[in-house]
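Student: The structure follows.
The values are calculated or read from the model by the stated rules, or taken from the named source; none is laboratory data. Model, not experiment: these values are computed from the prediction. Cβ atoms come from the backbone with ideal geometry, glycine included; neighbour counts cover every protein chain shown. To get the accessible areas, we keep the full protein, side chains included, count just its heavy atoms, and leave off ligands, DNA and RNA. Shrake-Rupley method; radii C 1.70, N 1.55, O 1.52, S 1.80 Å.
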Amino acid sequence: MHNKGFIFDLDGVIVDTAKYHYLAWKHLADELGIPFTKEQNEQFKGVSRKRCLEILLEWGNMKVPQAQFDAWLAEKNEDYLGYIDKMTEDEVLTDVPKVLNFLKEHKIPMGLGSASKNARPILKKVGLIPYFNTIVDGTQVSKAKPDPEVFLIAARDLKLLPEQCIVFEDAIAGIEAANIAGMTSVGIGDKDVLSDARYVFKDFTEIDLDFIKELAEL
């Protein structure tokens, strides 16, 4: 029985679906006449779809009935699903399989903790479902990051205490959630943006297996 487990966010950590989220949100924003940039899209990372639309409408100073709000949510998701339906194993980010394979070989428990309600279909498309002992996604949580709910559920499923878990995240809210939970946070992205993470790497190409071995206490 290992005393460490690894929990991975999905978007921006294992696969880069942020570009598809951006295209889908941009399409809706254009429809609504609300300016929307790639920089603004950064604020949507790790945030629920519902909250993203609320933010977008705040930027546009728009208030709409719930039925219209729900219709736009569905429209954005359909647009996004059209993009991810074409995903292949080639879209797994560089050197992620190296780390997943190492952990699997050493029978280290692995979980996925993502705000995305489409986590399972994406993992299926890119062939990674067999790696994870638990997949916790947006369909199972009521509180968005930085609330640590998604990671705490994953830790429970892995039968581990929060302090036994190492979390890989690319979003400020995700790092905050991991820290609040008392987990070891590993940021994937910009060191300046993810400065609250215990460790930060630009991407998985910077992570060597000795570091993973050390985290796993092998």
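Student: Only one of these conditions is not met by LEU53: (1) open to solvent by 70 Å² or more (accessible area, probe 1.4 Å); (2) farther than 27 Å from LYS202 by Cβ; (3) in a helix (DSSP H, G or I). Which number is it?
Tutor: Looking at each condition in turn, LEU53 falls short on (1).
Student: Further, regarding this structure: I'd like to verify a number: residues in the range 10-40 that are of a type in the set (Asp, Glu) and more than 14 Å from ALA171 (Cβ to Cβ), how many?
Tutor: The initial filter retains those residues of the range 10-40 that are of a type in the set (Asp, Glu), namely 11, 16, 30-31, 39.
This time we only want the ones that are more than 14 Å from ALA171 (Cβ to Cβ), so: 30-31, 39.
Number satisfying all stated conditions: 3.
Student: In the range 41-76, what count of residues is obtained for those that are within 30 Å of ILE175 (Cβ to Cβ) and touching a residue at least 40 places away in the same chain (Cβ under 8 Å)?
Tutor: Summing the residues that are within 30 Å of ILE175 (Cβ to Cβ) and touching a residue at least 40 places away in the same chain (Cβ under 8 Å) in the range 41-76 gives 8.
Student: Looking at LYS45, LYS63, LYS38 in this structure, which one is exposed (fewer than 15 other Cβ atoms within 10 Å of the Cβ) and within 18 Å of the chain's Cα centre (by Cα)? Can you show your working first?
Tutor: On the way: LYS45 fails: exposed (fewer than 15 other Cβ atoms within 10 Å of the Cβ); LYS63 fails: within 18 Å of the chain's Cα centre (by Cα).
Only one candidate qualifies: LYS38.
Student: OK, next. Just the residues that are open to solvent by 20 Å² or more (accessible area, probe 1.4 Å) and part of a helix (DSSP H, G or I), please, taken from the range 76-96.
Tutor: Matches in the range 76-96: ASN77, GLU78, ASP79, LEU81, GLY82, TYR83, GLU89, ASP90, GLU91.
Student: Could you please find all residues in the range 179-191 being at negative phi and touching a strand residue (DSSP E or B) at 6+ places or on another chain (Cβ under 9 Å)? Walk me through it before giving the result.
Tutor: So in the range 179-191, the residues at negative phi come out as 179-181, 183-188, 190-191.
Residues satisfying the conditions are ASN179, ALA181, MET183, THR184, SER185, VAL186, GLY187, ILE188, ASP190, LYS191.
Student: Which residues, counting only those in the range 184-195, are open to solvent by 10 Å² or more (accessible area, probe 1.4 Å) and either closer than 12 Å to VAL150 by Cα or part of a loop (DSSP other than H, G, I, E, B) (or both)?
Tutor: Within the range 184-195, GLY189, ASP190, LYS191, ASP192, VAL193, SER195 meet the criteria.
Student: Could you check the range 97-178 for strands (runs of 3 or more DSSP E) lying wholly inside it with 2 or more residues that are at positive phi?
Tutor: Because the criterion is at least 2 residues that are at positive phi, no strands (runs of 3 or more DSSP E) in the range 97-178 meet it.
Student: Continuing with this model, one more query. Go through (1) among the hydroxyl-bearing types (Ser, Thr, Tyr); (2) more than 15 Å from the chain's Cα centre (by Cα); (3) at pLDDT 95 or above and name the single condition SER142 misses.
Tutor: Condition not satisfied by SER142: (3).
Student: Now for a separate question. Enumerate the pairs (first residue in the range 162-180 and over 11 Å from LEU10 (Cβ atoms) and touching a residue at least 24 places away in the same chain (Cβ under 8 Å); second residue anywhere and in a strand (DSSP E or B) and charged (D, E, K, R)) with beta-carbon separation below 7 Å, excluding pairs fewer than 6 apart on the same chain, so at least 6 apart or on different chains.
Tutor: ALA178/GLU169
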